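Novice: Below you'll find the structure I mean.
FYI, it's all coordinate maths here, none of it is from the lab. The structure displayed is predicted, hence computed values, not measured ones. No Cβ is skipped: glycine too gets one built from the backbone with ideal geometry, and neighbour counts run over all protein chains shown.
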Amino acid sequence: MDAENFIPASLYVCPVVASRPVGAYRQVAFVAPEIAALAHPGQFIMVRRAGPALDPLLPRPMCISDADSDLVKILVEPVGKGSAKLAASQVGDRLSVMGPLGTGFDLEGEGPAVLVGGGIGVSPLVLTAGTLAERGRAVRCILGFRARQQAVAAELFRDFDVDVLTEDGSMGRTGLVNEPLPGCLAIEPGQPAPEVFACGPDGMLWEVARISRECGVRAQVSVATHMACGIGSCQGCVIRTKGSYRKACTSGPVFEAGELEW
């Protein structure tokens with residue numbers, strides 16, 4: 001979806017119906033049937049606590065972690081004032097939500113799907129994994145975290161084949177996601193090539209892009225960048241791609257790995 005074709009999404013006030021800790025993160029579920037019906041893996045929303053006080057002033061971009069029936073779920077890492085307020089949401093609170101926004105993953109391939117997530121970047125891969133499985137594609141997940149406290153989020157992928165790695169070895173294997181990735185990208189003669197779907201810190205995405213290129217497989221990556229409006233008006237999320245600069249909120253946040261200037 002290009003910026004010139006972008007139609008701003010509607011704004012909804014949504015009641016919180018569940019809030020639970022997932023290790024270092026918080027999973028918040030709210031009723032938003034309109035968003036759930038349209039949500040595509042890799043898209044995001046702009047969200048804040050509803051109320052007369054605009055504190056903080058700007059909403060926060062949050063990946064759509066899951067959507068089912070009339071519910072939407074987000075996974076929040078409380079790292080600043082805005083995200084801490086969202087993580088503190090309790091049942092009965094109301095959220096102001098705009099979405100779904102952005103361009104998500106292209107799921108039209110046929111080969112095995114290798115999902116690579118780092119830290120809070122695993123969030124959009126939950127809906128991605130479920131949707132790919134519903135389409136009959138084999139799904140394997142490689143998830144990397146700093147330590148056990150973050151790695152608890154791997155429980156969200158319990159229905160799939162999952163490799164968990166932590167930098168300190170406190171859960172799963174010790175190491176980084178780039179280490180097992182090449183072994184998952186072998187192309188079998190006569191079979192569709194694997195395809196990579198990734199979200200995480202820039203350094204991880206660069207490695208995923210490099211390995212995928214060397215293995216001759218397609219990789220799509222969801223970039224993390226600051227967003228103030230989510231609809232392309234503020235120009236605050238411009239990133240460099242080959243031959244041009246593009247807005248992550250409307251042209252992305254998902255891009256072909258080969259499009260990006262790392």
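Novice: Which log10 I(q)/I(0) values does the stretch 3-101 give at q = 0.15 Å⁻¹ under the Debye formula, counting every alpha carbon as one identical point scatterer?
Specialist: Rounded to two decimals, the profile gives -0.53.
Novice: In addition: Express the Stokes-Einstein translational diffusion coefficient of the stretch 150-259 in µm² s⁻¹, to the nearest whole number, given a Kirkwood radius over alpha-carbon pairs, 25 °C and a viscosity of 0.890 mPa s.
Specialist: Estimated via Stokes-Einstein, D reaches 155 µm²/s.
Novice: Straight-line reach from K242: which aspartates and glutamates have a Cα under 14 Å away, not including same-chain ones fewer than 8 places off?
Specialist: E256, E259, E261
Novice: Something else: Could you name the lysines whose alpha carbon sits less than 24 Å from that of K73, not counting residues in the same chain fewer than 8 places away?
Specialist: K81, K85
Novice: When Kirkwood radius over Cα pairs in Å is calculated directly from the model, which label among (i) 19.3; (ii) 18.6; (iii) 18.0 fits?
Specialist: It is the value labelled (ii).
Novice: Using just the helices of the chain, give the 222 nm mean residue ellipticity in deg cm²/dmol: DSSP H runs with n ≥ 4 each add -39,500 (n - 2.57), and the total is spread over all residues, rounded to 500.
Specialist: Value at 222 nm, helices only, nearest 500: -4500 deg cm²/dmol.
Novice: Name the trypsin sites (Lys or Arg not before Pro) in the stretch 97-166 that are in a loop by DSSP and that have at most 15 other C-beta atoms within 10 Å, would you?
Specialist: Of the trypsin sites (Lys or Arg not before Pro), the ones in loops of the stretch 97-166 whose Cβ has at most 15 other Cβ atoms within 10 Å are R135, R146, R158.
Novice: Output needed: Cys residues of the chain lacking any neighbouring Cys C-beta below 4.7 Å, sorted by number.
Specialist: So far as the 4.7 Å Cβ criterion goes, C14, C63, C141, C184, C199, C215, C237, C249 stand without a partner in the chain.
Novice: A further question on this structure: For the chain, calculate the relative contact order in percent as a whole number, restricting contacts to Cα pairs under 8 Å that are 6 or more residues apart.
Specialist: 19 percent
Novice: Which loop-located trypsin sites (Lys or Arg not before Pro) does the stretch 225-260 contain, where loop means any DSSP state but H, G, I, E or B and the Cβ has at most 16 other Cβ atoms within 10 Å?
Specialist: K242
Novice: At what distance in angstrom do the alpha carbon centres of the stretch 162-180 and the stretch 67-94 lie from each other?
Specialist: 27 Å
Novice: Based on DSSP, what percent of beta bridges with both residues in the chain are antiparallel, to the nearest 5?
Specialist: Antiparallel: roughly 60 percent of the beta bridges in the chain.
Novice: What is the dipole size for the chain, taken about its Cα centre, with +1 at each Lys and Arg Cβ and -1 at each Asp and Glu Cβ, in debye to the nearest 20?
Specialist: Using Cβ point charges on Lys, Arg, Asp and Glu, the chain gives about 820 debye.
Novice: Hey, another quick one. Output the relative contact order of the stretch 113-222, whole-number percent, from Cα pairs under 8 angstrom with separation of 6+ residues.
Specialist: 28 percent
Novice: How far is helix 202-215 tilted off the main Cα axis of the chain, in degrees rounded to 10, range 0 to 90?
Specialist: Between the helix axis and the principal axis of the chain, the angle is about 30 degrees.
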